[in-house]
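The values are calculated or read from the model by the stated rules, or taken from the named source; none is laboratory data. Quick caveat, the model's predicted, so the values are computed rather than measured. Here the Cβ positions follow ideal geometry from the backbone for every residue, glycine too, while neighbour counts run over all protein chains shown. For the accessible areas, the whole protein counts, side chains as well, though only heavy atoms, and no ligand, DNA or RNA atoms are used. Shrake-Rupley method; radii C 1.70, N 1.55, O 1.52, S 1.80 Å.
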Amino acid sequence: MCAATSRYSSVHARSIEDPQGFWREAARAIDWMEPPATIFEPAAGVYGRWFEGGVTNVCHNAVDRHVEAGRGEQAAILYDSPVSGTKRAITYGELQTEVRTLAGILREMGVEKGDRVVIYMPMIPEAMFAMLACARIGAVHSVVFGGFAAAELAGRIDDAQPKLVLSASCGIEPSRIVHYKPLLDLALTMATHKPEACLIFQRPQAQAGLVPGRDHDWATRRAQAQAAGVSADCAPVKATDPLYILYTSGTTGKPKGVVRDTGGYMVALRWSMQGLYGVEPGEVFWSASDIGWVVGHSYIVYAPLLTGCTTVLYEGKPVGTPDAGAFWRVIEEYKVAALFTAPTALRAIKKEDPQGLLMRDYDRSSLRTLFLAGERADPDTVDWATAMLGVPVVDHWWQTETGWAIAGNPVGLGALDIKVGSTGVPMPGYQVDILDEGGHPVGANKMGSIAIRLPLPPGCLPTLWRQDERFRESYLLEYPGYYKTADAGFRDADGQLFIMGRTDDIINVAGHRLSTGGMEEVLAAHPDVAECAVIGIHDDLKGEVPCGFLVLKSGVDRSPTQIEAEIVALVRERIGPVAAFRLAITVNRLPKTRSGKILRGTMKKIADAQSWNMPATIDDPATLDEIAAVLSARGLTKVSAA
Ligand code: COA
Ligand code: AMP
């Protein structure tokens, strides 16, 4: 379908011209205990609040209402875990029972509305029960991705100050068992804030030691609660109350606690399932992400369940569990209508099965659309997937902060022509401008900083957890009246957006968002390191990988190779394996401007074999040649100055 037949233009125009009317109508898809008195209150919060006065409950909308409406026997969750050899279908009725019980246990353990609960769990159904149980009683969850190290977990615990931590004995990576409990124990010794208790789910692959008086066994508590008829009903929660905090990389080592509210989030997600993804209640939606990321929060857990869909919870990888046919098997087995994944997953599959031979073994006729996000989708990968799968491949752009897509191709409204390399058009409520250095909008096809006019639509963050000022400074200050996305790109003459990269120190490694500034803090903490710089360099599989440059302190006589190995281990220990930090390179000096600013951008261009010009402000031009020579000696680049 093309622009002429899609309803997109009129729908988007209406959302901008009459936002109150547009979102009032969208809000009818949600059950409210008290309908909102106002659709948008500009005087509330940092830049206004959506659905002020509304009272509702996310768990009711995601679970109970579907049981009441007759979906009790429909699968809510299809858990598929090739890494543990487990499959389990959980109906909406069973989900309600589990969540009611767990919510009752949380209450028994002293968790009340507004209290925070940290969830540090692998991709198992209990993690979803935990999120929904928090929502049921109005507690604020904060899920921490399993690939982070203890120090990262400790930082999040200190910031969120949870009453309780929910965890499991282990996660399972294809190459190893990840023992969560020792990481949690270490994090709790490092953290200043001490939660009152931990509830630990024991998986058969590893038995966690429990600390008497603090740790509780999940299965025992569940059995006791069931025997005693413990359960909790859905608590009334204000639309503007937080549903969760999700920490994401900021421009320093200290992550930002993105706050998600209750009412606006539900309304936006519910709209997106039909309007953007074109998926109807009862259909199967699969987001092959992780619940530790925003995509997992929104499109493994909340959006599909709010819509009465069946969601697939996949604990595995695109390749190696057992092979590059895994995704196609899941599509056939569960009749998946829409798949959402990161381009890196497709690159991994393409690398192992370039001819798509494994696809032929599976019936993929249920799949209507493949959605990509999380990092730039390179045209080669999109073209390959389109040719192999024979379905539209839709790239769409969003951030942890927004909670749902800023731009995409609205399949549910009638898809627009796909332009490979573009992430589509702004979704309802988003007014996206490309700004020049002075903050003025630029015309078509001109690169600039991408900013969203305030107010942000429902679903986006209202603030950072207990840090209104940091929220203002990080996002609102630079371009008055706008939210700064920190992405750069352009818009073509048809209004399609092209996202080309970040304007800050964030890099995207295999679809995982990481801060190079955070890594530099770790490198700088090594006793032998005088100076350092970390940049993201191109990687065919992961999109980008971090590469650290070290200048050693004078007088250090230990072998640079050994120090480099220690640095690699240190990043893994402090940030976690997810950082995929394997390249540490010792250099004599770093290229700098005369005012002492490290020329990271030029270093990246050299490493990525892009053409580069000698910066006019460089202190000593020879330093860049030295970097090029070092990279070349390590087989990391081949290019010289233009
Ligand atoms: N718990 C513990 N460790 C984890 C983890 C988790 N949940 N997830 C990843 N790790 C570890 C990996 O085991 C790996 O460890 P290693 O250094 O010992 O090998 C390390 O973190 C790096 O992981 P990753 O970058 O994911 O690389 P990989 O080689 O394991 O897998 C892909 C590569 C492309 C298959 C994988 O990254 C992938 O599927 N990415 C999709 C990402 C995604 O869905 N993002 C969400 C946005 S939509
Ligand atoms: P995260 O907060 O982890 O979702 O990461 C958000 C960042 O990932 C964005 O600011 C972009 O830099 C990048 N990103 C997400 N989706 C896309 C996309 N479709 N195309 C290009 N970059 C993207």
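Quickly run through segment 303-323 and pick out the residues that are small (Gly, Ala, Ser) and near ligand 1 (Cβ under 10 Å from one of its atoms).
Initially, segment 303-323 is screened for residues small (Gly, Ala, Ser), giving 303, 308, 316, 320.
The answer is 316, 320.
Say whether the condition of being in contact (Cβ under 8 Å) with a residue 60 or more places away in the chain, farther than 17 Å from residue 179 by Cβ, of a type in the set (A, V, I, L, M, F, W, C) and touching a helix residue (DSSP H, G or I) at 6+ places or on another chain (Cβ under 6 Å) is met by at least one residue in segment 134-143.
Yes: one or more hits.
Out of 187, 208, which single residue is modelled with pLDDT of 95 or more, within 24 Å of residue 153 (Cβ to Cβ) and more than 25 Å from the chain's Cα centre (by Cα)? I'd like the intermediate steps shown before the answer.
Working: 187 fails: more than 25 Å from the chain's Cα centre (by Cα).
Every option except 208 fails the conditions.
Report those helices (runs of 4 or more DSSP H) wholly inside segment 275-377 carrying at least 3 residues which are under 25 Å from residue 499 (Cα atoms). Reasoning before the result, please.
Values: elements: 303-306, 326-334, 343-352.
Correct list: 343-352.
State the number of residues belonging to segment 340-357 that are more than 15 Å from ligand 2 (Cβ to nearest atom), without any contact (Cβ under 8 Å) to a residue 60 or more places away in the chain and open to solvent by less than 50 Å² (accessible area, probe 1.4 Å).
So the count comes out to 3.
Yes or no, residue by residue, for (1) buried (at least 22 other Cβ atoms within 10 Å of the Cβ); (2) under 17 Å from the mean Cα position of the chain (by Cα); (3) within 16 Å of ligand 2 (Cβ to nearest atom):
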| position | (1), (2), (3) |
| --- | --- |
| 448 | no, no, yes |
| 461 | yes, yes, yes |
| 500 | no, no, yes |
| 509 | no, yes, yes |
| 515 | yes, yes, yes |
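Please state which of the following conditions residue 376 fails to meet, knowing it meets all the rest: (1) open to solvent by 10 Å² or more (accessible area, probe 1.4 Å); (2) away from ligand 2 (no atom under 13 Å from the Cβ); (3) touching a residue at least 40 places away in the same chain (Cβ under 8 Å); (4) more than 19 Å from residue 494 (Cβ to Cβ).
Failing condition for residue 376: (2).
For segment 332-341, indicate whether the set of residues that are of a type in the set (D, E, K, R) and within 12 Å of ligand 1 (Cβ to nearest atom) is non-empty.
No, segment 332-341 contains no residue that is of a type in the set (D, E, K, R) and within 12 Å of ligand 1 (Cβ to nearest atom).
May I ask you to list the residues in segment 569-621 that are of a type in the set (Lys, Arg), over 29 Å from the mean Cα position of the chain (by Cα) and surrounded by 18 or more Cβ atoms within 10 Å (Cβ to Cβ)? If you could, list the steps in order and put the result at the bottom.
Here is the first cut: in segment 569-621, the residues of a type in the set (Lys, Arg) are 572, 574, 582, 589, 592, 594, 597, 600, 604-605.
From what's left, over 29 Å from the mean Cα position of the chain (by Cα): 589, 592, 594, 597.
Passing the criteria: only 592.
Could you name every one of the strands (runs of 3 or more DSSP E) located completely within segment 53-149 that has at least 2 residues being open to solvent by 10 Å² or more (accessible area, probe 1.4 Å) and of a type in the set (Ser, Thr, Tyr)? Break it down into steps so the answer makes sense when it comes.
On the way: elements: 75-81, 86-91, 116-120, 140-143.
So the answer is 86-91.
If the Cβ limit is 7 Å and pairs must be 6+ apart or interchain, which residue in segment 438-449 that is in a strand (DSSP E or B) pairs with which residue that is open to solvent by 40 Å² or more (accessible area, probe 1.4 Å) and among the hydroxyl-bearing types (Ser, Thr, Tyr)?
That search, which allows pairs on different chains as well, returns 449/503.
Filter segment 535-558 down to residues that are outside any strand (DSSP E or B) and of a type in the set (A, V, I, L, M) and give me whichever is nearest to ligand 2 (Cβ to nearest atom).
Filtering segment 535-558 for residues that are outside any strand (DSSP E or B) and of a type in the set (A, V, I, L, M), the one nearest to ligand 2 (Cβ to nearest atom) comes out as 541.
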